[in-house]
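Nothing in this text is a laboratory measurement; each read-out follows from the coordinates by a stated rule. Since the model is a prediction, treat every value here as computed from it, not as a measurement. Don't worry about glycine lacking a Cβ; one is built from the backbone with ideal geometry, like all the others, and counts go over all protein chains shown.
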Amino acid sequence: MTTHSDQKPALSYKDAGVDIDKGDALVSAIKPHAARTSRPGSNPDLGGFGGLFDLKAAGFKDPVLVAATDGVGTKLELAKACNIHRGLGIDLVAMCVNDLLAQGAEPLFFLDYFATGKLAPEVATEVIAGIADGCVEAGCALIGGETAEMPGVYPAGGYDLAGFSVGAAERHALLKTGDVSSGDIVLALPSSGIHSNGFSLVRKIIEVTGADIHKPFALAPHISLGEALLTPTRIYADAVKAGLNAGGITSISHITGGGLIENPPRVFDDDLAITLDMALRPFPPLFRWLKQAGNLSDFEMARTFNCGIGMLITVRADAADSVEKAMLMTGEDVWQIGQIGARSDDAVTLLNCSSAWA
């Protein structure tokens, strides 16, 4: 017979730091956000074991699927310090769907992974609402995700994000490395800011200079420095779709980690090189601040940050004007920034950095 004094306390999952009720409440809170991302081919209802997507209903005849996954890096830490979370959801979508667009694919659906030490429903809801914002902008459906509460792995208040997106293109329309030729014109699409790369260096600059992220940004005093740094990543779906439909695009380069030095060569053969004139658009104030505050060399800037350019698009010379016009019609800014030529030295040449970035 077991006496009362011999009985052990009855433990629950909640005692271990995982609150299932909060998780269930979060699923209910985010269902409306998933519903507003519905598109042909999708079933955005959450709660099943897998998300469904019907390629035939989306209108594809001979599709090739293209997949991408990414996170938002240490931008998370700055968002936590500023208590600004919704934009991170847009960042997460943008980093994935812009990669799909760079292959010539149409983003179709998105799934997210949100991991935290202790679930704060209001923060998680803001992030996932931002994910829905990004999906709406990209034209893809949020068809599922995972919220994991993992005490001991993440600190209380800490969280991490990962995103997964799938797109498709008709087999004949996929962009391939061999499509780029000498003489192709290079178009540039502007970034909205730093996007989601280089934030470890950004945070180091803040630390070394003692900059106050809560005070107005001197070069744009209507917002704080933190808000300027956290501007969500631009999503280029409408402009890229218009450009592809116009015909003549030979490659698209999404300027992410590695900046203007390492990303462009990924889309053309080793016997080609790209030349860009950085004086054709003003250097954005935020990048000027980073360069001066961190005393960064031109090369360090170009290899770490997008420097105001979110995408580079190569186009056959005879189609450059029509592609540019089609993109401009979507409301996106676009300009001719350079050309593809035969390689004799470096794969990337940036002209006029010293004067334009001074």
Highest to lowest packing among 90-102, 170-182, scored as the average C-beta count within 10 Å: 90-102, 170-182
For Ala168, residues with placed amide H under 5 Å, excluding near neighbours: Val66, Glu106, Leu108
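Sorted by packing (mean other beta-carbon atoms within 10 Å per residue), highest first, where do 291-299, 249-257 land?
249-257, 291-299
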Other-chain or far-sequence residues with amide H under 5 Å of Val348's (modelled H): Ile274
Highest to lowest packing among 140-150, 107-117, scored as the average C-beta count within 10 Å: 107-117, 140-150
Expected 222 nm ellipticity per residue - DSSP helices of 4 or more, -39500 (n - 2.57), all of the chain, to 500: -9500 deg cm²/dmol
Leu119 long-range amide H proximity, modeled H, under 5 Å: Asp19
